[in-house]
Amino acid sequence: MSETEISQDPKRIAVIPGDGIGVEVTREAVKVLRAATPEKLQFTEFDWGADRYLRDGTSLPAGAVEMFHRDFDAILFGAVGDPRVPSNQHAADILLGLRAKLDLYVNLRPVELLDDALTPLRNRATKDVHFTVVRENTEGLYVGAGGHFQRGTPHEVAIQEDVNTRRGVERIIRYAFEFARSRHLRRVCMSDKSNALTFGHELWLRVFKELKSEYADVESRHLYVDALAMELVRDPTQFDVIVTCNLFGDILSDLGSQLAGGLGLAPSGNIHPGRVSLFEPVHGSAPNIAGKNIANPAGSVLSSALMLDHLGMPATANLLRDAVSASIREKQTTQDIGGNLGTREAGDWLAEFVATRA
Ligand SMILES: NC(=O)c1ccc[n+]([C@@H]2O[C@H](COP(=O)([O-])OP(=O)(O)OC[C@H]3O[C@@H](n4cnc5c(N)ncnc54)[C@H](O)[C@@H]3O)[C@@H](O)[C@H]2O)c1
């Protein structure tokens, strides 16, 4: 495999498997990466997750952010969340902490149907379901601003504030246009609810209208999020790139993942262009199937492909994608998408596929 684009230095990858099936799928993704890129990647594993938190109170250690900036090129992440930590405090500290402190403002969630049989939509094929959700990842309703008043009484008031900054909105919309342009994608759709959220989302609409004149080569369209949810199911061929706020991106990308075969296959990147960024499957730690060797590792492998794109290794990234497509075609997958392999065996198949072609 020739990777003329990259330097000879191995890329330094921090691996945070986390909890539950995060640990199981990340193990397989690292196996596949090692098979595809012998000597081009160096892995360092971190044991942050519920076990460590329950043992000594560590979630995201002091100095972690500086260490990632200094010593790593990318982070491969599994999932966090454990019923033994009902508050999920460790998960919030680790994942939301890294997204915020590393300023990973893009949540990139490609939706690509890899096999006709995997979509629940009638008469749709692989060519029909192929778009990318660009979700704002540092602002909106997820910043944790708000409070309770008279909590636990009949007069309780709960306020959750939606934070939209000019800088935050502009940089994510600009990223979506640049992403479309650099990949020769024709269309960018910005989605908000500016008819009801007349302050925060009016800002989104205004910035979008301003920026679209700079990207006249890209077709731009605006849809309210309720209309977009409907259109994605009715006719997903209309979309190449969808850019939206944190909350709507979260919901729409889960909808998208189902159009393309389910959570087991869905990848994501938490990105700050040009800086250390974090790649993880869309799914969570799935306590209901953890420890059973049935979780699908493909979402983690496809997230690793996004990581390789970010590291300037597109040929190897495409090799990983080819492996997942081939495994679906040849029914060498886990049960959730119709195969009968376990997590480890599915990982072995993918690793073997890439090793013979690397
Ligand atoms: N990024 C993250 O770390 C992240 C994301 C979502 C949820 N969570 C956390 O994960 C925990 C469980 O959350 P949840 O149950 O709502 O969501 P989940 O994504 O863990 O599971 C949802 C459903 O999808 C199935 N599923 C998920 N991934 C799968 C895979 N790879 N293969 C086969 N089936 C798969 C699960 O078995 C479950 O039925 C919670 O603590 C939640 O907070 C973490």
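For residues in the range 32-57 being basic (Lys, Arg) and closer than 19 Å to Phe72 by Cα, which is surrounded by the most Cβ atoms within 10 Å (Cβ to Cβ)? Steps first, please.
First, pick out the residues of the range 32-57 that are basic (Lys, Arg): 34, 40, 52, 55.
Next, from what is left, pick out any that are closer than 19 Å to Phe72 by Cα: 34, 40.
On the way: Arg34: 16, Lys40: 20.
Ranking the candidates gives Lys40 first.
Within the range 61-76, one or more residues are under 23 Å from Asn293 (Cβ atoms), of a type outside the set (Val, Ile, Thr) and within 16 Å of the ligand (Cβ to nearest atom). Considering the range 277-318, the residues that are among the hydroxyl-bearing types (Ser, Thr, Tyr) and more than 6 Å from the ligand (Cβ to nearest atom) include one that is farthest from the chain's Cα centre (by Cα), namely Thr316. The number of residues in the range 15-31 being in a strand (DSSP E or B) and surrounded by fewer than 23 Cβ atoms within 10 Å (Cβ to Cβ) comes to 1. If I ask for residues that are assigned to a strand (DSSP E or B) and among the aromatic types (Phe, Trp, Tyr), which ones from the range 246-281 would you list? Within the range 246-281, Phe279 is the sole residue that qualifies. The listed residues are His184, His155, His222, and the only one of them that is in a strand (DSSP E or B), surrounded by fewer than 18 Cβ atoms within 10 Å (Cβ to Cβ) and either not assigned by TED's automatic domain parsing to the domain that holds Asn137 or not hydroxyl-bearing (Ser, Thr, Tyr) (or both) turns out to be His222.
If you go through the range 92-121 and keep only what is under 18 Å from Thr244 (Cα atoms) and more than 15 Å from the ligand (Cβ to nearest atom), you end up with Asp103, Tyr105, Val106, Pro110, Val111.
Of all residues being among the small types (Gly, Ala, Ser) and touching a residue at least 24 places away in the same chain (Cβ under 8 Å) in the range 267-276, which is farthest from the ligand (Cβ to nearest atom)? Just the residue, please.
Applying the first criterion (among the small types (Gly, Ala, Ser)) to the range 267-276 yields 268-269, 274.
Those still in the list that are touching a residue at least 24 places away in the same chain (Cβ under 8 Å) too: 268-269.
Working: Ser268: 8, Gly269: 12 Å.
Filtering first and then ranking leaves Gly269.
In this structure, does Arg55 turn out to be without any contact (Cβ under 8 Å) to a residue 12 or more places away in the chain and in a helix (DSSP H, G or I)? The answer is yes for Arg55.
Among the residues of the range 332-358, write down those that are part of a loop (DSSP other than H, G, I, E, B) and at pLDDT below 95. Outline the logic, then answer.
We begin by selecting, within the range 332-358, every residue part of a loop (DSSP other than H, G, I, E, B); these are 332-333, 338-340, 342, 358.
Correct list: Gly338, Ala358.
The values are calculated or read from the model by the stated rules, or taken from the named source; none is laboratory data. These numbers come from a predicted model, not from an experiment. Reconstructed Cβ throughout: ideal geometry from the backbone, glycine too, with neighbour counts over all protein chains shown.
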